[in-house]
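Enquirer: Just passing along the structure, written as structure tokens.
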Amino acid sequence: MAKLAKYLTIAGMLFNVAWFLWNPADWTFEWEPVVAFTLTLAGFIAADVHDSSSISGNLAKQGHPNDVALAKKLLDALPSNGIIKFLKEHDFLGSFRSEEIRPINQFLYEWDNPEHEFLDSDLESYRKSLLESAVEFGMAVAKYTSPNLAGLQAVIVNGHRSDSEHMQRFEEEAKIINEAADSVVEAHISFVRAARTKLNLAKA
């Protein structure tokens, strides 16, 4: 429909030019075709600018293809129903398998580089926040947990479970890890909400 309107506008412009130059043997200057041509030309330019703005607006709403692809890749790496759910629900005073937090380590290994930067400044800020939270979590796990006799990672050291003094320290260390895990979850939620607002994740 927009193309048809443009074609009709061009036809009107040509008609006004022909009107202006009609009967060259007995030609006299007339204002009417000049005014009509100017108004038609202004309408054509306005329509063209509107179409360009609409295209730019749609691209801005959909997001750059690079950002769409990166966002989908990040959500695959840290799915809400996978590692993020585990971090949200697990109490790190209890033991866990190292494989359960492997996606965090993989994320830190793969995503801290320019190739995984978003073009959108807000999304890039959320990516950095998520990385920082993941780093804090990884450092807390590395500092306060160790393998137990069952081959699991745990804050509680074998043989000290019944020692109240040591248990108090274990609870404090587990609290640090839990808070770091909560920060990762919150950063992930913020990223997901921003990505859904800025990008058309249904495509690409």
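What follows is calculated from the coordinates using simple rules that are stated; it is not laboratory data. No experiment lies behind these values; they were computed from the predicted model shown. Ideal geometry is used to build each Cβ from the backbone, glycine not excepted, and the neighbour counts take in all protein chains shown.
Enquirer: First measure r as the distance between the Cβ atoms of Glu165 and Arg193, then evaluate 1/(1 + (r/R0)^6) with R0 = 41 Å and state the FRET efficiency to the nearest 0.05.
Expert: Working: r = 43 Å, r/R0 = 1.05.
Approximately 0.40, to the nearest 0.05.
Enquirer: Rank by packing, highest mean first: peptides 104-113, 177-186, with packing defined as the count of other Cβ atoms within 10 Å averaged across residues. Numbers along the way, then the final one.
Expert: Details: 104-113: 14.8, 177-186: 19.5.
Final packing ranking: 177-186, 104-113.
Enquirer: Working from the alpha-carbon coordinates of segment 91-204, get Rg over Rh, Rh being the Kirkwood radius. Don't skip to the answer; put the middle values down first.
Expert: Details: Rg = 17.2 Å, Rh = 15.8 Å.
Radius of gyration over Kirkwood radius for segment 91-204 works out to 1.09.
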